[in-house]
1. Go through 108, 162 for me and flag whichever is within 16 Å of the ligand (Cβ to nearest atom) and either touching a Phe, Trp or Tyr at 6+ places or on another chain (Cβ under 6 Å) or within 20 Å of residue 220 (Cβ to Cβ) (or both).
2. Against the conditions (1) within 16 Å of the ligand (Cβ to nearest atom); (2) surrounded by 18 or more Cβ atoms within 10 Å (Cβ to Cβ), where does residue 28 fall short? Just the number, please.
3. Within region 261-270, identify whether any single residue is open to solvent by 20 Å² or more (accessible area, probe 1.4 Å), within 16 Å of the chain's Cα centre (by Cα), over 24 Å from residue 9 (Cβ atoms) and modelled with pLDDT of 95 or more, and answer yes or no.
4. Between a first residue in region 120-145 that is at positive phi and a second residue that is surrounded by fewer than 16 Cβ atoms within 10 Å (Cβ to Cβ) and hydroxyl-bearing (Ser, Thr, Tyr), which pairs have beta carbons less than 6 Å apart while being 6 or more apart in sequence or on different chains?
5. Filter region 147-161 for residues that are closer than 18 Å to residue 215 by Cβ and in contact with a Gly (Cβ under 6 Å, 6 or more places away or on another chain) and give the result.
6. Has region 79-99 got at least one residue that is open to solvent by less than 20 Å² (accessible area, probe 1.4 Å), touching a residue at least 40 places away in the same chain (Cβ under 8 Å) and within 16 Å of the ligand (Cβ to nearest atom)?
Amino acid sequence: MSTSSQSYPMSGGDDQHSYIHNSSYQKAVIDGVEEKARQYILEKIDLLNLNPDLSTFTIADFGCSIGPNTFHAVQNIIDIVKLKHLKESQGISTHVPLEFQVCFNDLPNNDFNTLFRTLPPSFEQKYFSVGVPGSFYGQVLPRNSIHIGHTSYTTHWLSKVPENVCDKKSPAWNKNYIHCNNLLEEVTEAYKVQFTKDMSVFLKARAEELVPGGLMIALGECFPDDVAMYETWSGIVLDTIGDCLLDMATSGVLTHEQIELFSMPVYFPQYSELERAIEQNGSFTIEMMETTRHPLEAKQLTNDFVTSMFRAFLSTMIEKHFGYTVVDQLFNQLAKKLSKHPLDFEKCKKNMVYYIVLKRNEH
Ligand SMILES: C[S@@+](CC[C@H](N)C(=O)[O-])C[C@H]1O[C@@H](n2cnc3c(N)ncnc32)[C@H](O)[C@@H]1O
């Protein structure tokens, strides 16, 4: 069963600040790997061998948020599986068309109402939907029930902030920094330990839920091994948000102590760290592990785009720690700071997008 997790879902609803309207950065990656997924599934997954009597094909999206990206991701998978099933069952007289079930998983306080209200119309969708509230750092679905699992831009959200980084007496205290920017060695170490533990729990749970031979597809971002978070554009944005909070403490809107006790449960691993975490698990074979540049990297992302994107990620967390009234002011200040000191995407070190396909080993 799912264990508890610190829970900061993306901005719900469908107003201008919602994740629905501020998730095109992630969608660009989902779209970018569509062709790779198509080729891989067409070549490698052996549906009739999974189960010759298969009539319901079950897909789960772990950390689906509120859409629309999850709808694109699952529809891509369904289209490919349908095609594959048709090819494999040619000439088989007992062939029955597959039915699809999609399990949308996210934290219980995710805005599932908006997710289900904005599902594509049923004549387009042609699948049965199930909401699965619970932390993916634990089993959220029955054993051997999922044929393809998908997750995008999720596992950098840790199950919790490593305890020591908010403890002023600990050598791993993160001081006035609000995330793991890799400037303090002990802090980085504490985050690394938490990330490795969490990945192990995540993969163990998925190994229970997937059928033998089932696939787990994961997309997200990591760094080359010689790059630190503070050198990347997203690291610079998070450090700038930290500076805005400090300015707000100086002007009395919040306290320095609130900042000293705040650190985000977010960690982007380096490539080899991610690879090691998967290999150590042992329940899956890495069928594909590729990295590319982010499709939007070549374009200069505007300050407005960056501010809105980070607001959609972080406002529930900021609200919980600093109070509701802080959110507008913080992101207005961020927009001002970014226009005074624009991000220089050319000079920043680059993040990498990863695309991983894992196959659940037979027991
Ligand atoms: C950046 S969003 C990505 C959403 C979507 N997959 C996409 O690619 O657009 C990260 C999502 O992961 C969810 N999440 C974070 N930790 C989680 C956990 N422990 N269990 C389930 N979902 C989690 C968040 O609530 C959020 O909806």
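The values are calculated or read from the model by the stated rules, or taken from the named source; none is laboratory data. If you're wondering where the values come from, they're calculated on a predicted model, not measured in any experiment. Here the Cβ positions follow ideal geometry from the backbone for every residue, glycine too, while neighbour counts run over all protein chains shown. Only protein heavy atoms, including side chains, enter the accessible area calculation; ligands, DNA and RNA are left aside. Shrake-Rupley method; radii C 1.70, N 1.55, O 1.52, S 1.80 Å.
1. Answer to the selection: 162.
2. (2)
3. We begin by selecting, within region 261-270, every residue open to solvent by 20 Å² or more (accessible area, probe 1.4 Å); these are 261, 268, 270.
Subsequent filtering for residues that are within 16 Å of the chain's Cα centre (by Cα) retains 268, 270.
Keeping just the survivors that are over 24 Å from residue 9 (Cβ atoms) gives 270.
If we keep only those that are modelled with pLDDT of 95 or more as well, we get 270.
Yes, region 261-270 has at least one match.
4. Once the first residue is at positive phi and sits in region 120-145, its partners that are surrounded by fewer than 16 Cβ atoms within 10 Å (Cβ to Cβ) and hydroxyl-bearing (Ser, Thr, Tyr) give 138/3.
5. From region 147-161, those closer than 18 Å to residue 215 by Cβ are 147-152, 154-155; that's our starting set.
147, 151, 154 - these are the residues of region 147-161 that are closer than 18 Å to residue 215 by Cβ and in contact with a Gly (Cβ under 6 Å, 6 or more places away or on another chain).
6. Within region 79-99 (the criterion being open to solvent by less than 20 Å² (accessible area, probe 1.4 Å), touching a residue at least 40 places away in the same chain (Cβ under 8 Å) and within 16 Å of the ligand (Cβ to nearest atom)), the answer is no, since none of the residues qualifies.
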